[in-house]
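Quick notes on the structure that follows.
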Amino acid sequence: MMHKMKKKAQEEIVGFVAIVVIVAVIFVVFLGISARQDVPELKKESKDIRNFLDGSMQYTSDCALNYEPDYSSVAELLKACYAKKKCINGKEACVELNRTMKEITETSWKAWKDSPIKAYKFEAHYSLNNSEKTTNIITISKGECGNIARKADNFIDSYPGIIKYSFQLCY
């Protein structure tokens, strides 16, 4: 009787070990498959970055293009900068755009060597009907971008073409 119980216990242990081994193999295979799926981090879009972009385009600058107190939004400054316009106070629209975007960006995203955010980059380009040829309007960046980054972009109409703008955060 004791011999039968010992044999039954051994069979249960062998069954248990077999199940653990099977589960472990499945886990390792699953882990290997997920590690191989290398999703480019640059294509990941963050809602935070998208919201930052949308909000920054609505931000009111200190530049009035037509009359005071009709101060221009950043989106209007992008168009004015491309058109080489000046503010009523005599400053170049591009200078005000650069100052305003630096202020917004540096206030919103703290990037330095020991922080989670290592770098950022804001860019805006004009293109005629989304053609390959683009004209740079503004580039603001800080820090060095590593392997992990998130990016969002959008565009505004600027007849006869478009102004495409993007923001990238690096971790």
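The values are calculated or read from the model by the stated rules, or taken from the named source; none is laboratory data. Just so you know, these numbers come straight off a predicted model, no measurement behind them. FYI the Cβ positions are ideal-geometry reconstructions off the backbone, even for glycines, and counts take in every protein chain you see.
Of all residues in the range 132-148, which are in contact (Cβ under 8 Å) with a residue 12 or more places away in the chain and part of a loop (DSSP other than H, G, I, E, B)? Don't jump to the end; show me each part of the working.
Filtering the range 132-148 for residues in contact (Cβ under 8 Å) with a residue 12 or more places away in the chain gives 134-148.
Scanning the range 132-148 gives GLY143, GLU144, CYS145, GLY146, ASN147, ILE148.
For the range 49-65, the tally of residues that are out of contact with any Phe, Trp or Tyr (no Cβ under 7 Å at 6 or more places or on another chain) and under 16 Å from SER108 (Cβ atoms) stands at 8.
Residues considered: ILE138, ILE104, ILE88, ILE163. Of these, the only one that is surrounded by fewer than 15 Cβ atoms within 10 Å (Cβ to Cβ) and out of contact with any His (no Cβ under 6 Å at 6 or more places or on another chain) is ILE88. Can you work out which of the residues in the range 39-66 that are in a loop (DSSP other than H, G, I, E, B) and hydroxyl-bearing (Ser, Thr, Tyr) is modelled with the highest pLDDT? This residue is TYR59.
There is no residue in the range 149-167 that is outside any strand (DSSP E or B), touching a Lys or Arg at 6+ places or on another chain (Cβ under 6 Å) and touching a residue at least 24 places away in the same chain (Cβ under 8 Å). Exactly one residue out of SER131, SER115 is of a type outside the set (Lys, Arg) and within 20 Å of the chain's Cα centre (by Cα), and it is SER115. All told, GLU76 falls short of being surrounded by fewer than 20 Cβ atoms within 10 Å (Cβ to Cβ), acidic (Asp, Glu) and assigned by TED's automatic domain parsing to the domain that holds TYR120.
Residue-by-condition table, conditions (1) outside any helix (DSSP H, G or I); (2) modelled with pLDDT under 95:
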residue	(1), (2)
GLU68	yes, yes
ASN98	no, no
THR107	no, yes
SER115	yes, yes
TYR120	yes, yes
